[in-house]
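Values in this text are rule-based calculations from the coordinates and carry no lab data. Since we're looking at a predicted model, the values are computed, not measured. Note that we place each Cβ from the backbone using ideal geometry, even for glycine, and neighbour counts take in every protein chain shown.
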Amino acid sequence: MGTRSVALVLLAAVLLHTLLPASAAEGLVRIALKKRPIDQNSRVAARLSAEGRQRLLGGANSLGSDGEGDIIALKNYMNAQYFGEIGLGTPAQKFTVIFDTGSSNLWVPSAKCYFSIACYFHSRYKSGQSSSYKKNGKPAAIQYGTGSIAGFFSEDSVTVGDLVVKDQEFIEATKEPGLTFMVAKFDGILGLGFQEISVGNAVPVWYNMVEQGLISDPVFSFWFNRHADEGESGEIVFGGMDPSHYKG
């Protein structure tokens, strides 16, 4: 492929016909992605070994009912983190998130995270500053390969590009122990996976985009630019795909 940008298109269609909107806005919604190479400290703290994943996945069924969490694997691409910006609340509070197809929950650090150092290195959600905030309070926990988060569910508006997803359930993280998220270059994670793997059975942001009629087609696509120094690092498109980034 030489010096050309690599286009990787990941298509996701919501299979449940009940999620298809009766009407939707025209056009595509584009979110610019930024790329930041993982330094040695981040690589050591954040990498997920195959052995570690298998051990955690093998023990998933042995977790009790005390809310210890679900097993979800994070992935990176070409030893880099690709992330974008979203807004949470009204007015929107800005967060940098990983758009992750391997998980389904949205979480960001909470202003109520007092005892985890990682929270103080990132933007924190302040529910008292949002007029669209709705209290939920249901506890939540997610165990990753080399890190974990815990907190509680809340509901608020999520701004993704020009779209505003209303009453979105998300996790306010009040515990981020260890180094994994302390050295991360992002604040939280926006999962784009299926609801079946969502912690707490929360409806994913992507599902609500479709259900609320915010996009024309139940499709999203990624474009990753291997040579970020030559231009944009990439983009995620909701509602379709950009044919200028692929052939065939």
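Of the cross-linked pairs Lys138/Lys185; Lys126/Lys175; Lys134/Lys185; Lys138/Lys166; Lys135/Lys185, those separated by over 22 Å at the C-alpha level are Lys138/Lys185; Lys134/Lys185; Lys135/Lys185.
Segment Lys134..Asn201, full-extension length gain: 22.3 nm, with 0.36 nm per residue of separation and the alpha-carbon distance subtracted.
Can you give the convex hull volume per residue for the Cα atoms of region 104-248, as a whole number of Å³?
Working: hull volume 21.8 nm³, N = 145.
So the per-residue Cα hull volume is 150 Å³.
By the Cα gyration tensor, region 98-137 has an equivalent ellipsoid whose semi-axes, rounded to whole angstrom, run 19, 17, 9 from largest to smallest. A simple spin-label model places pseudo-atoms 7 Å from Cα toward Cβ; at Tyr120 and Ser244 they are separated by 4.5 nm.
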